[in-house]
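Notes for the one structure printed next.
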Amino acid sequence: MEARWEHAFITGASSGIGEAMARALPPATRLLLHGRDAARLGGVAEKLARQGRAVAVVAADLATEAGRQAAVGASRSCPIDLLVCNAGFGALGPHLQNDPTAETDMVAVNCMATVAISRALLPDMLARARASGRRCGMIVVASVAGFAPLPYFATYAATKAFDLFFAEALAEELRDDPIDVLALCPGVTATRFFERTGNAEAARRLMAGGHGHSAARVARDALAALGRQRVLVVGAGNRLATLVPRLAPRRLWSAMAGVAMNRWRR
Ligand SMILES: NC(=O)c1ccc[n+]([C@@H]2O[C@H](COP(=O)([O-])OP(=O)(O)OC[C@H]3O[C@@H](n4cnc5c(N)ncnc54)[C@H](OP(=O)(O)O)[C@@H]3O)[C@@H](O)[C@H]2O)c1
């Protein structure tokens, strides 16, 4: 791949899609990787450094204001030209039974951190892009879950709708600026995501049935799509699946999705 990006900042790069994104970037791209778990993040960075990559890390909990500021502070010390807002997590189950702290942390990590980091970094990224005559880039990791309400994944789906609409709106606001913005919408992807939501087994079954993708595929497709389109739904099956909620009446969709999600989460 052409070394289009000189300095990438990826949040949530201690595993999954973020880590795959780091690996998928050209070897010449310098990496600033963020994660919450410092040991795991250090392990990822060490492996990449052994392959000759220039890697720096910042460990911070993006659910907290201090953590978001730490991530912004670290990234300000590098001339970032590719920002990947990827850190995120979900919690399956009825909103009223889910851990209340996890529900609000989800909004902080999946939404607030994306807004805070992009608001802090984009002005300098754009100024550098204008000065150098090169384009910069931003990928916001949303989800196929962001296209419609999802009972029993209510907060998560709403955060991903936020990410999707935020990225699409930014792409339009910045249409005349030297930046490419992509809302990345993966479907089920083989990462630790579903281990953390508590239904790894259901996700494994979907993967085994050929209904999921590897994190490497998601990362590769995203980097290829950046600059070509504003929204990428990964995989033909997922593209079809996201059409249904856009065409069906919202109330009917919510009822159907509620039955399916209630069954799937068990
Ligand atoms: N896997 C899927 O099926 C799927 C589908 C659609 C969209 N997505 C989205 O893809 C993104 C990446 O998820 P993934 O699938 O790669 O899952 P993952 O392997 O669990 O990775 C999630 C990343 O987010 C970080 N993170 C979680 N909570 C955090 C917090 N409070 N503060 C800072 N970092 C935090 C994790 O850091 P630590 O490990 O250090 O805690 C990790 O690096 C998420 O935004 C997710 O919503 C995933």
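FYI, it's all coordinate maths here, none of it is from the lab. All values derive from a computational prediction rather than experimental measurement. Don't worry about glycine lacking a Cβ; one is built from the backbone with ideal geometry, like all the others, and counts go over all protein chains shown.
Could you list the residues of region 146-165 with an amide nitrogen less than 17 Å from a label point located 7 Å from the Cα of Val115 in the Cα-to-C-beta direction? Counting backbone N atoms under 17 Å from the label point, the list is 155-165. Extension gain, Val259 to Gln51, is 70.2 nm, computed as 0.36 nm per intervening residue step minus the present C-alpha separation.
Which order do Glu19, Glu173 fall in if you start with the one that has the fewest other Cβ atoms within 10 Å?
Ordered by Cβ neighbours within 10 Å, fewest first: Glu173, Glu19.
Spelling out what I want: for every residue of region 194-200, take phi, set θ = phi - 60°, compute 6.51 cos²θ - 1.76 cosθ + 1.60 (Karplus), and round to whole Hz; glycine and proline get x. Running phi through 6.51 cos²θ - 1.76 cosθ + 1.60 with θ = phi - 60° gives 7, 4, 6, 7, x, 9, 4 Hz. Length gained on full extension, Ala28 to Asp177: 51.2 nm, using 0.36 nm per residue less the C-alpha separation. Modelled label positions at Arg250 and Ala66, each set 7 Å beyond Cα in the direction of Cβ, lie 4.0 nm from each other.
Here the residues Leu232, Leu252, ranked from fewest to most Cβ neighbours within 10 Å of their Cβ, fall in the order Leu252, Leu232. In plain terms, the C-alpha convex hull of the chain casts an average shadow of 13.8 nm² when viewed from every direction. For region 33-47 and region 149-175, compute the distance between their C-alpha centroids and round to whole Å. For region 33-47 versus region 149-175, the Cα centre distance is 27 Å.
How high is the FRET efficiency from Ala208 to Asp99, r the C-beta distance, R0 30 Å, rounded to 0.05? Write down the numbers at each step before the final one.
On the way: r = 29 Å, r/R0 = 0.97.
It comes out at approximately 0.55.
You can think of it this way: the chain between Ala200 and Arg266 has 22.7 nm of extra reach, that is 0.36 nm per residue less the Cα-Cα gap.
Please report, to one decimal in angstroms, the Kirkwood hydrodynamic radius of region 112-242 built from all distinct Cα-Cα pairs. Don't skip to the answer; put the middle values down first.
Values: mean 1/r = 0.0635 Å⁻¹.
Final number for the Kirkwood radius of region 112-242 is 15.7 Å.
In this structure, the amide hydrogen of Leu32, modeled 1.01 Å from its nitrogen in the peptide plane, lies closer than 5 angstrom to those of Ala8, Phe9, Ile10, Ala56, counting only residues at least 5 positions away or on a different chain. Normalising the average separation of contacting C-alpha pairs (under 8 angstrom, six or more residues apart) by the number of residues puts the relative contact order of the chain at 18 percent.
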